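Contents: one structure, followed by commentary.
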Amino acid sequence: MKKYDVVALGELLIDFTENGTSAQGNPIYEASPGGAPCNVLSMLTRLGRKTAFIGKVGQDIFGKQLKAALNEVGIDTCNLMMDEEARTTLAFVETFSDGDRDFSFYRNPGADMMLRAEEVNIELVKNTEIFHFGTLSMTHKEVRNATKQAVAAAKEAGAVVSFDPNLREQYDIPLIMLSAGKEGSRAYYKDMRVEVKPFLQENTIETTGAGDTFGACCLHHVLEYGLQNMREENLRQMLTFANAAASIITTRKGALRVMPGEGEVRELMGKR
């Protein structure tokens, strides 16, 4: 048995999301902990999984807030580095009327880009069932080298490698999950394609973190049942649970701190 169920590497940042208007007519922004990899880990932790994060934040007020947030939700921060020169990455989120959003990143450079290969705790990577990372950790030389080293170590140790990409071609991947917002979700496994309808909410606030919640639930299913010999019913159950959890998070602000528990997700599923 390995110590961790899922270890993730990548960005940890502050999401500034609109939260009303001031008396002067100016938008008010709420500073929430964010970053896709840690959103994924937060949901997995809520589902009872042991998780850890590898990354870097600034040695500043936001970096300290982010480390405290991860500790609060139960994510291991033993390999969260603090950079004394680069500042913590910030993202300002514009939310549209349909709940979709656009991001403006302040990251030139952000501390997450400055993670070096020698700062990655390889023993941590070797001691996990699943290693998860995303596209943003491949955008700068230092963190790209760190990510490649971690992926190689995870593969060598026999871990399942999970990647959250922007849209691009996929090769030699046994299971692909696709979240499609209001259209639901889809899974591709061997020669099977399974689609499941969404759980639409009347009181959706925004969709930040919904995809991360979806992905976390899919990883939870893989940890529970493995990647071998999946049947259509297994995939349908996985997608239904993931859709329901993602639906719940669209009714809340600040995904990392407010992930739903399993009981809450299954209660929504029972209403269908």
Can you tell me how many residues in the stretch 11-40 are within 23 Å of Ala159 (Cα to Cα) and either of a type in the set (Val, Ile, Thr) or touching a His at 6+ places or on another chain (Cβ under 8 Å) (or both)? 2
Can you find, within the stretch 253-272, the residue that is farthest from Asn39 (Cα to Cα) among those that are within 16 Å of the chain's Cα centre (by Cα) and among the charged types (D, E, K, R)? Lys253
For the stretch 15-48, enumerate the residues that are farther than 19 Å from Leu80 by Cα and within 15 Å of the chain's Cα centre (by Cα). Arg46, Leu47
Of the conditions (1) in contact with a Leu (Cβ under 8 Å, 6 or more places away or on another chain); (2) modelled with pLDDT of 95 or more, the single one that Arg107 does not satisfy is (2)
Name the residue, out of Thr88, Thr77, that is modelled with pLDDT of 95 or more, under 16 Å from the mean Cα position of the chain (by Cα) and among the polar types (S, T, N, Q). Thr77
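The values are calculated or read from the model by the stated rules, or taken from the named source; none is laboratory data. Just so it is clear, the structure is predicted and the values come from calculations on it, not from any experiment. A quick note on method: Cβ atoms are made from the backbone with ideal geometry, for glycine too, and the neighbour counts reach across all protein chains shown.
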